[in-house]
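The values are calculated or read from the model by the stated rules, or taken from the named source; none is laboratory data. None of these values were measured; they are calculated from a predicted model. All Cβ positions, even for glycine, are placed from backbone atoms using ideal geometry, and neighbour counts span all protein chains on display. Heads up: the accessible areas ignore ligands, DNA and RNA and are worked out on the full protein's heavy atoms, side chains in. Shrake-Rupley method; radii C 1.70, N 1.55, O 1.52, S 1.80 Å.
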Amino acid sequence: MRDYEPLDLSLMCNAGLSVLGEEQPEAGGWPRGQAMPPASAAVGAQAFHGLPFLIGRPDEDGSRCFLAFGKGLHNEPLKVPISRSARHVVIAHRLLESDIVQGGIPGKLVAEYVFHLDGGETVRVPIRERFEISVVLGRTGWTRSFVGLPYRAVSDQGNSLQPRYQGRWESAGRRQTEAIQGQPFSYVLWAWANPHPDRLIEALEIIPVGSRFIIAAVTLGHLDEHPFVRAGARELKIVLPQPGDAAKPFNLEVEVDRGVATYPYSLPTKTADEFLADDFKGWGEADNLSSSPAYVEVTAIPSAIVTVKQDGEALGSVRWGEVEDKKIVQPTPRLRVELVDRGRNWVHTTVLDDETGKQVPCRIHFRSPEGVPYQPHGHHNHVNSNNGTWHIDVGGDLRLGQITYAYIDGACQGWLPRGDVIVDAARGFEYEPLRAKVRIEPGQRELTLRIKRWRNMNAERWFSGDTHVHFLSTQGSHVEAQGEDLNVVNVLQSQWGHLFTNTEEFTGQPSLSPDGRTIVYVTQENRQHFLGHLTLLGLKKPVMPWCSDGPGEAELGGTLEVTMSDWADQCHAQGGTIIIPHLPFPNGEPATLIATGRADAVEMLIHNPYCHLEYYRYLNGGYRLPLVGGTDKMTSDVPVGLYRTYVYIPPDEEFTYENWCRNLAKGRTFHSGGPLLDFTVEGQKVGDTITIAGNGGTLEVEAKAESIFPLHRLEIVEQGMIVASTEDLKGARSLRLRTKVKVEGHTWLAARVSGPGYWQSRSHHDWWSRGVFAHSSPIYVACGGEWQLYNRETAQYMLTMIEGTLTHIRENSLQHPSEAVTHHHGEADHLAYLERPFLQAREAIQRRMSRLGPAH
């Protein structure tokens, strides 16, 4: 006997699809002049919630599909013979009318279903509107919004998932919900539990009483289980024993016929002990891009069949009841599944500062020993299903490789698994990350964790900031900055083609946290695909146009309307600060900005030789350029402040946004991707100029680097050349260097620290895979007069960049006809306006070449 057996009611059917009438209109009515479409419903052999139903006969024309009751239909009692035993009887039915949306009250009696058992006993069940039966408004209706889902019945459509990797544009926002609630498209399903499952059910008698309704199908359930899912989701680990299957790029699907499953996700390859011992605590772990191990959450009835597919091919199927009984099942040589759900508690977690005992913001991750995440309520286990998050779902959560972290104010709550739980928490670079195993006992509802500050840079007058953040809100920036122990966040309005971001966030003034330790300033990054990008810090009013010269920065067909130099001049006129982000890309106008003194600092976005070479090139050419760190955060897999700028503010100055920017422009900075740098030359700090008599001398240099990450090499560079270093190939938390450096003429010195050989840095798990390193701004050494440095190769390079960009402006850039437009600058000659700063820069460089002569 089949576990679920549909009855054939076709010989008793007295109505077809026409009894359904016309489809109900949407809220607001059907468009005038258009006929409403005829209502429809599923007929023939169907499966609802994985259970079989037979509605009429598939080979008929649809004229005899239903048992229809009520006024104008069959209005007398009707017996449906069954003559079988069953534990449940599942009925697919629906009301044909309802007055609930006109003020009617649910619960009105529609019919009585009388179950006749052998021996003459009967069981009478009232069938009430919105309890056992409900109206169905079809695919264009709003059952849930207006009529409401039934209390005791379920929709014929089960809950499901959004398409994982594709979909329509207008569904982009809804796709983030992942889940789709099942709605009654054709019927509602009601299950009657037989109080005497061993006795024969002779017949089902339908006694109509009130509103019109139809019965579409009756199915008998012979298993000792409720026909519809009542249990919550449970975690199922998926292991592919065959190495060939396991190594394939992740492309798993899990199907459940009588239940639902979430998207499957890969699990980490490291064991719990290996994870706990890793020296990158609090900062993610490598992503497992292969197919095994993995996990999925399943909610199903015991008879459900769970099928695991890879690249569309079924690897094996298993009965859910067997999994719940045995915990570990291997249905085929290619598939093993393990039930890893050990129960759970709703736990309130508090994170305290170990020194002060006060609640402290941070970011946190919880997982089972297998690696299944259990993030705090209100946060994602997998941000955007582990798909890309550019401009989508950026705030509140952070994904670093395999791990998703939740930003919290020091307290959170949500489900945690019973037994061993691994917690991974971090708060910037000045706190020891916490990665530990804790125990959650049955009934436990509270968990307290402590995180320890190991260095307080604010107390030493160093204040950290991120100069380059996109898409976060002001409040979101405060939350994440506090979670990363970051003092300043510059949220940058900008434009990508026809997308303008953070438009409503701009106020022209800083936003301060109540304790005064965090400042958020919404300002601008103005961008052009060829000339370059420019960060304008501290704007009091917008500088427009934000972007220019066409995609991907400006609009399709956009013309070259403005120079970066003009943007810089407008920003400086407001008292703002100019940074060239991610030097040198795009490499059009940076040379011009530097030559004319319009750039206050440059940003190094990644740790690689070319970025260093470009920075050193300008320093060697005699241009004072402070170095800053910014993340260019645009996705949830980049933490605010991963690359940050530490700015020294003297003790006699308050920590304010203006003072932070002013000291940044003075060069009192170091760039950090983890390490904390102390660097002095003859006791002078970064940004200072040391003046010595004559053409040179010997200088005492001290450098120290400390970090929560292992450090390998600390170096002193002069004009880009290593002049002193110390190394620990095993990696150390602290490196120190004290030496004497002989200089011959005007020069600059800087400190930098990273991995073995400096370039073999361990990578962070952010989207960029950026290296762990730190680099100071220079300390300048002037010999026998005012500091000046000249390099002929740098000058020639800058002249070439200027000439090339002028060529682009004159020959390649898009322009409106001069007689057809009035430009924002109001000048009649737009080309002359565009060329002006480049001509200024060329003249300035030629003057330097004439004055300073050949290279030193």
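A few remarks follow.
- Set of lysines near Lys309 by C-alpha distance (under 19 Å), chain-local residues within fewer than 8 positions excluded: Lys237, Lys248
- About its Cα centre, the chain has a charge dipole of approximately 1040 debye under the convention of +1 per Lys or Arg Cβ and -1 per Asp or Glu Cβ, with nothing else charged.
- Region 222-366 shape via C-alpha gyration tensor axes, a/c threshold 1.5: oblate
- Percent accessible area from carbon and sulfur atoms, region 254-392, protein chains only, probe 1.4 Å: 51 percent
- Peptides 629-637, 824-832 ordered by packing proxy, namely the average of other Cβ atoms within 10 Å per residue, highest first: 629-637, 824-832.
- Apportionment of accessible area to carbon and sulfur, region 38-122, percent (1.4 Å): 49 percent
- In the context of the full set of protein chains, residues of region 221-324 present 38 Å² of accessible surface per residue (probe radius 1.4 Å, heavy atoms only).
- Residue ranges 313-322, 185-194, 476-485 sort as 476-485, 185-194, 313-322 when ordered by packing (mean number of other C-beta atoms within 10 Å per residue, highest first).
- Accessible surface calculations at 1.4 Å, restricted to protein heavy atoms, place region 756-856 at 51 Å² per residue.
- Accessible-area value, Trp346, 1.4 Å probe, nucleic acids and ligands omitted, Å²: 80 Å²
- Whether region 709-856 is rounded, prolate or oblate, judged on the alpha carbon gyration tensor where a/c under 1.5 counts as rounded: oblate
- Cα gyration tensor shape of region 76-176, rounded if a/c is under 1.5, else prolate or oblate by comparing a/b with b/c: oblate
- Eligible lysines near Lys633 by straight Cα distance, threshold 19 Å, same-chain separation 8 or greater: none
- Rolling a 1.4 Å probe over the protein heavy atoms gives region 339-449 an accessible area of 36 Å² per residue.
- Evaluated with a Cβ-only charge set (Lys, Arg +1; Asp, Glu -1), region 415-459 carries a dipole of roughly 100 debye about its Cα centre, given to the nearest 20.
- Whole-number D in µm² s⁻¹ for region 741-787, Kirkwood Cα-pair radius fed into Stokes-Einstein, 37 °C, 0.692 mPa s: 253 µm²/s
- Distance from region 706-739 to region 596-637 (C-alpha centre basis), Å: 21 Å
- Normalised by the number of residues in the chain, the average gap of Cα pairs under 8 Å and 6 or more apart makes the relative contact order 8 percent.
- Charge tally in the Cβ shell below 9 Å around Arg212, where Lys, Arg are +1 and Asp, Glu are -1, Arg212 excluded: 0
- Put simply, the amide H of Lys452, placed in the peptide plane, has neighbours under 5 Å in Asp354, Glu432, leaving out anything fewer than 5 places away on its chain.
- A simple rule links phi to the HN-Hα coupling: the Karplus curve 6.51 cos²θ - 1.76 cosθ + 1.60 with θ = phi - 60°, which for region 402-409 gives 7, 10, 10, 10, 10, 7, 10, 8 Hz, with x for Gly and Pro.
- When each of the peptides 171-183, 565-577, 491-503, 83-95 is scored by the mean number of other C-beta atoms lying within 10 Å of its residues, the order from highest to lowest reads 83-95, 565-577, 491-503, 171-183.
- Reachable lysines from Lys79, criterion Cα separation under 23 angstrom, eight or more residues apart if same chain: Lys71, Lys108
- Rel. contact order, % - alpha carbon contacts under 8 angstrom, at least six apart, region 697-743: 51 percent
- In region 538-648, the inverse of the mean reciprocal separation of distinct Cα atoms equals 15.4 Å; this is its Kirkwood hydrodynamic radius.
- Averaging 1/r across all pairs of distinct Cα atoms in region 544-590 and inverting the result yields a Kirkwood radius of 11.7 Å.
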